[in-house]
Amino acid sequence: MSARHLDDEQLEDLALGEPRPDELKLRAHLAGCSQCASGLFALRGQREALSAWVDARDASPAEVGRLWPRIAARLAREAAPVRLVAEASAQDAPRRSWARPIAAALAAAAAGALLAGALRTLPRAGPPDSAASAPARPELVQAAADEPDGKPTPSALAALARAEQQYRRAADVLEQQVARHTGAAKGAARTSAALARSRRALSPGSAASPARARVRVLEGYAAYLKSLRRALDESRD
Amino acid sequence: MGYSRAVAHLHAVRQDLQPELDDEELVRRAVAGEATAFRALFLRHGPAVRRLLGALCRDEGSADEATQETFVRAHTALPALREPRRLRGWLLGIARIVWLDEQERLRRCARVPALLEAGEARDGASPEGGLLDAEAESVLATALARLSPRRRTALLLRLDQGLSYGEIADALGWRLHGVKNAIHRARLQIRDELLAYLRGTP
């Protein structure tokens, strides 16, 4: 008989009844090798005993199906990204804990950006009503700040300060989430170090900072939030 | 249940399962927001997840809770699933993490030890376990309880769930060699425990 015995994976596949392309060859070996045949016999016994033991603790598919309403209720409460419960309205599902601060930050930044951008043509104009729902466009603020004659109004600076405050708040919320989800995860230390570097790169804004400097801070925060969200997504992957 | 009601029930279950759609398509639809697709995935894979958790938790209530938690987490992470055709292994991997989290929580609460370790050998009475007598089952339960969580999970995924080594490696985030090693050692350990029992040595 061939000296090459079946390995664990081959024996297990045979015990499990898994189809293998080399099954005929393996069975031919088994027919003449008492060591492998007894190994397969013992393995089948282990498998049957294990399955019987698990069976005794298993629930029927119907019983498992009865868990669904509780899962659906939790998903509706926790507002997972996929719309799951058809009957739930868009208004009744709460958003993730960090979604609101981020949305607020983006809205504030957008308002600041639009306000400052308006300096180019309408220096005294206030933000349009739609500003809060527009995407953040710090580059618009940058363009306005670069204009030789475009001096930001106090209201534009105030909007930028609000945006920065909102970004900071969103970062705090996301940092907590990341710490919670990556605490024991592989690579958490690397992620923490990368995030710490990003955070250090943010220069604190102050009431006296010019618009240009504040915009850079906002851009830094936007990148930092992106890193945090990526870290959070990866921790949940 | 009358015959016509039973047929109607089976028909409804079949519709819920959406057997004409494969996992990849159901995942795509669930991520796109289709209300019934995730439910179909749950009905399709929930029993395997509950079975693994039933064996790991060894307590019905905990296994049910952990099954719910597994699917809530899976739902959140579903858009990031890279290979939907490996959904089952991915779900079982999440189930294991949920179980480990629960163990950690229990350890922190310091009310684990008796439940998990010593009592294990005696909690195995199962009228349904027709293949094993109570004493032999108790020995097997003891042997399984003495396995490390790593070896126990790998063994269950391989011999009970029928996952391949590669699928287990993906599900648990281990190297293939680690999977082989864990299963091999788990089997040897159980065999030794059973041999000791048969020889009448503790």
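The values are calculated or read from the model by the stated rules, or taken from the named source; none is laboratory data. What you see is a predicted model; the values in this text were computed from it and never measured. Counting neighbours? That spans all protein chains shown, and the Cβs are built from the backbone with ideal geometry, glycine included.
Only one of (1) more than 10 Å from chain B (Cβ to nearest Cβ); (2) out of contact with any Leu (no Cβ under 8 Å at 6 or more places or on another chain) is not met by A:L67, so which one is it?
(1)
Only one of these conditions is not met by B:A77: (1) surrounded by 18 or more Cβ atoms within 10 Å (Cβ to Cβ); (2) touching a helix residue (DSSP H, G or I) at 6+ places or on another chain (Cβ under 6 Å). Which number is it?
(1)
When segment A:6-38 is examined, which residues are found to be out of contact with any Asp or Glu (no Cβ under 9 Å at 6 or more places or on another chain), within 14 Å of chain B (Cβ to nearest Cβ) and either farther than 25 Å from B:L56 by Cα or not hydrophobic (A, V, I, L, M, F, W, C) (or both)?
Hits for segment A:6-38 are A:L6, A:D7, A:D8, A:E9, A:G17, A:P21, A:S38.
Name the residues in segment B:24-66 that are among the acidic types (D, E) and touching a Lys or Arg at 6+ places or on another chain (Cβ under 6 Å), would you?
Answer for segment B:24-66, where residues must be among the acidic types (D, E) and touching a Lys or Arg at 6+ places or on another chain (Cβ under 6 Å): just B:E24.
Quick one: in segment B:37-60, of everything that is farther than 22 Å from B:R86 by Cβ and more than 10 Å from the chain's Cα centre (by Cα), which residue is modelled with the highest pLDDT?
B:E60
Could you please find all residues in segment B:164-197 being within 11 Å of chain A (Cβ to nearest Cβ) and in contact with an Asp or Glu (Cβ under 9 Å, 6 or more places away or on another chain)?
Once the filter is applied, which keeps residues that are within 11 Å of chain A (Cβ to nearest Cβ) and in contact with an Asp or Glu (Cβ under 9 Å, 6 or more places away or on another chain), segment B:164-197 yields B:S164, B:Y165, B:K180, B:I183, B:H184, B:R187.
Quick test for you: out of A:S51, A:S38, A:S2, pick the one residue that is modelled with pLDDT under 90, not in a helix (DSSP H, G or I) and not hydrophobic (A, V, I, L, M, F, W, C).
After ruling out the rest, the residue left standing is A:S2.
For segment A:75-88, does any single residue satisfy the condition of being assigned to a loop (DSSP other than H, G, I, E, B), closer than 23 Å to B:A63 by Cα, at pLDDT 75 or above and at the interface with chain B (Cβ under 10 Å from one of its Cβ atoms)?
Within segment A:75-88 (the criterion being assigned to a loop (DSSP other than H, G, I, E, B), closer than 23 Å to B:A63 by Cα, at pLDDT 75 or above and at the interface with chain B (Cβ under 10 Å from one of its Cβ atoms)), the answer is no, since none of the residues qualifies.
Take the residues of segment B:37-60 that are over 21 Å from B:D160 (Cα atoms) and within 7 Å of chain A (Cβ to nearest Cβ): which is surrounded by the most Cβ atoms within 10 Å (Cβ to Cβ)?
B:F38
Please go through segment B:61-77 and pick out each residue that is under 15 Å from the mean Cα position of the chain (by Cα) and within 7 Å of chain A (Cβ to nearest Cβ).
Scanning segment B:61-77 gives B:D64, B:T67, B:Q68, B:F71.
Condition test on A:G45, is it farther than 29 Å from B:A66 by Cα and either facing chain B (nearest Cβ under 7 Å) or free of Cβ contacts under 8 Å to residues at least 24 places away in the same chain (or both)?
Spelling it out, A:G45 is indeed farther than 29 Å from B:A66 by Cα and either facing chain B (nearest Cβ under 7 Å) or free of Cβ contacts under 8 Å to residues at least 24 places away in the same chain (or both).
Can you pull out every residue in segment B:14-32 that is outside any helix (DSSP H, G or I) and at pLDDT 85 or above?
Those that are outside any helix (DSSP H, G or I) and at pLDDT 85 or above: B:D22, B:A32.
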